[in-house]
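*Asks:* Before I ask anything, here is the structure I am working with.
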Amino acid sequence: MEKENLLKGVNLIVGLIVILLSILVIIFSSAALLSIIILLSIALLFAGIGRLYSAFADEKLNKIAKGLKIIVGILEIIISLTVIIITIIEPTISILLLINLFGLIFIVIGASGIAIGLLVEKFTKQYRFLLILIGIISFVFAFIVLFYPTFGYFVLVILLSLSLLFNGFARVLYALFEK
């Protein structure tokens, strides 16, 4: 019981941090794009840490779901740290390259959400549906980012922020309502 409460607490805190950082990116989208990318990277870093913790602490997950969460969490952490380092060390590198890295990780996040929603039967049907829906939204936003870069960099950042926001809400809802 104590382990479940800790898992819910971690999911709630990580979800709220991801939501807060995503909202900050949306509100301050007219700020310098490099700052927005750093905020998104930090949010993605927290999401990866939360996903890894969840993979090891959530006893409801089967081996496939644990494996997916571990792989996605590690990818989120690696990509977020890479983007932070590149942005700090060499800010002249194309912003489009950095946005494409985010687009790729959100394809993985979306596919993982869909797979977990379909495969983990221990979750409630409502939560599984929510995971699938958010996975699809993340997937769609990622493809919009990758295939329509002419929408402009700020729109791309907003789409990625919304995807992170939806993922943060899913984590908070899991912490609050999953039994």
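The values are calculated or read from the model by the stated rules, or taken from the named source; none is laboratory data. The structure displayed is predicted, hence computed values, not measured ones. Note: ideal-geometry Cβ built from the backbone for every residue, glycine included; neighbour counts use all protein chains shown. Ligands, DNA and RNA are excluded from the accessible area calculation, which covers all protein heavy atoms including side chains. Shrake-Rupley method; radii C 1.70, N 1.55, O 1.52, S 1.80 Å.
*Asks:* Need one number: the % of Cα-Cα pairs in the chain sitting beyond the 25 Å mark.
*Replies:* Result for the distance tail: 27 percent.
*Asks:* If you split all Cα-Cα distances of the stretch 59-111 into 10 Å bins from zero, what percentages do you get per bin, shortest first?
*Replies:* Binned Cα distances yield the sequence 23, 43, 23, 10, 1.
*Asks:* Find the accessible area per residue for the chain; the probe is 1.4 Å, ligands and nucleic acids are left out, and the unit is Å².
*Replies:* Working: 8860 Å² over 179 residues.
Result: 50 Å² per residue.
*Asks:* Right, something else. Show me, for the stretch 46-57, the HN-Hα J-couplings you get by feeding each phi into the Karplus relation (A = 6.51, B = -1.76, C = 1.60, θ = phi - 60°), rounded to Hz, glycine and proline as x.
*Replies:* 4, 4, x, 5, x, 5, 5, 4, 4, 4, 8, 9
*Asks:* Also, I was wondering about something else. If R0 is 25 Å, what FRET efficiency do you get for Leu162 and Glu90 from their C-beta distance, rounded to 0.05?
*Replies:* For R0 = 25 Å, the calculated efficiency reads 0.35.
*Asks:* Would you please classify the overall shape of the stretch 17-78 from the alpha carbon gyration tensor, given that a ≥ b ≥ c denote the square roots of the eigenvalues, rounded means a/c under 1.5, and beyond that prolate means a/b larger than b/c while oblate covers the rest? Let's see the in-between values first.
*Replies:* Working: a/c = 4.16, a/b = 2.63, b/c = 1.58.
Prolate is the answer for the stretch 17-78, as a/c is 1.5 or above and a/b outweighs b/c.
*Asks:* Please identify the GluC sites (Glu not before Pro) of the stretch 54-123 that satisfy two criteria: DSSP loop assignment and at most 15 other Cβ atoms within 10 Å. Which are they? Kindly include the intermediate steps, with their values, before the conclusion.
*Replies:* Values: sites: Glu59, Glu76, Glu121; in loops: Glu59, Glu121.
Filter output for the stretch 54-123: Glu59, Glu121.
*Asks:* Hey, another quick one. How would you rank 4-11, 100-107, 40-47, 80-87, highest first, on the average number of other Cβ atoms within 10 Å across their residues? Intermediate values should be presented prior to the final figure.
*Replies:* Numbers: 4-11: 15.6, 100-107: 20.8, 40-47: 24.1, 80-87: 17.1.
Packing proxy ranking, top to bottom: 40-47, 100-107, 80-87, 4-11.
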